[in-house]
Amino acid sequence: QVQLVESGGGLVQPGGSLRLSCEFSGSIFSFFSLYTMGWYRQAPGKQRELVADITSGGRTNYAEFVEGRFTISRDNAKNTVSLQMNNLKPEDTAVYYCHAVRSNRDSWGQGTQVTVFS
């Protein structure tokens, strides 16, 4: 079982920045470098949606609403994945979840709250 622990959420004004981090851990057979890692978010009353993900090979994918504002990255030496969020908008307010998947088996973090207030 993979464990994911997010950090970095908080309160920020529109136009501000936050950096979310996720630490990956698990069994001795859970090799971080083999997982596709992602960030999802869920606002009240809405379905969870993909924000960005990054494959084991470093290929990235972003939701349309990111509009070039966010960058996902991974550090295989530290078993972490990060989401740098710039130019935040009130509509970015949500709980952000870290996600790991390999061979159709996935794990979720507990989430971290991001609130962009105007």
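The values are calculated or read from the model by the stated rules, or taken from the named source; none is laboratory data. As the structure is a computational prediction, the values presented were derived from the model and not from experiment. Heads up, the Cβs are rebuilt from the backbone with ideal geometry, glycines too, and the neighbour counts pull from every protein chain shown. Keep in mind that these areas ignore ligands, DNA and RNA; they rest on the heavy atoms of the full protein, side chains included. Shrake-Rupley method; radii C 1.70, N 1.55, O 1.52, S 1.80 Å.
Side notes on the structure shown:
- Cross-chain or 6+ apart pairs with Cβ under 8 Å, region 56-67 first and within 19 Å of residue 88 (Cβ to Cβ) and of a type outside the set (Gly, Ala, Ser), then at pLDDT 95 or above and not in a strand (DSSP E or B): 65/91
- Among the residues of region 97-118, those that are on the phi < 0 side of the Ramachandran plot and not in a strand (DSSP E or B) comprise 109, 110, 117, 118.
- Count - residues of region 91-116 that are open to solvent by 60 Å² or more (accessible area, probe 1.4 Å) and more than 30 Å from residue 29 (Cβ to Cβ): 2
- Subset of region 1-32 (residues that are in contact (Cβ under 8 Å) with a residue 40 or more places away in the chain, open to solvent by 90 Å² or more (accessible area, probe 1.4 Å) and farther than 15 Å from residue 90 by Cβ): 1, 3, 5, 19, 23
- Any chance residue 49 is closer than 25 Å to residue 117 by Cα and more than 14 Å from the chain's Cα centre (by Cα): no
- Residue within region 33-43 that is open to solvent by less than 40 Å² (accessible area, probe 1.4 Å) and among the basic types (Lys, Arg) present: yes
- If you go through region 68-79 and keep only what is open to solvent by less than 70 Å² (accessible area, probe 1.4 Å), in a loop (DSSP other than H, G, I, E, B) and either closer than 21 Å to residue 10 by Cβ or not polar (S, T, N, Q) (or both), you end up with just 69.
- Tally of residues being in contact with a strand residue (DSSP E or B) (Cβ under 8 Å, 6 or more places away or on another chain), of a type outside the set (Val, Ile, Thr) and closer than 23 Å to residue 5 by Cβ across region 64-77: 4
- Among the candidates 36, 115, residue that is touching a residue at least 24 places away in the same chain (Cβ under 8 Å), farther than 23 Å from residue 3 by Cα and either touching a strand residue (DSSP E or B) at 6+ places or on another chain (Cβ under 9 Å) or not basic (Lys, Arg) (or both): 115
- In region 80-90, of all residues being surrounded by 18 or more Cβ atoms within 10 Å (Cβ to Cβ) and of a type outside the set (Val, Ile, Thr), the one that is nearest to residue 61 (Cα to Cα) corresponds to 83.
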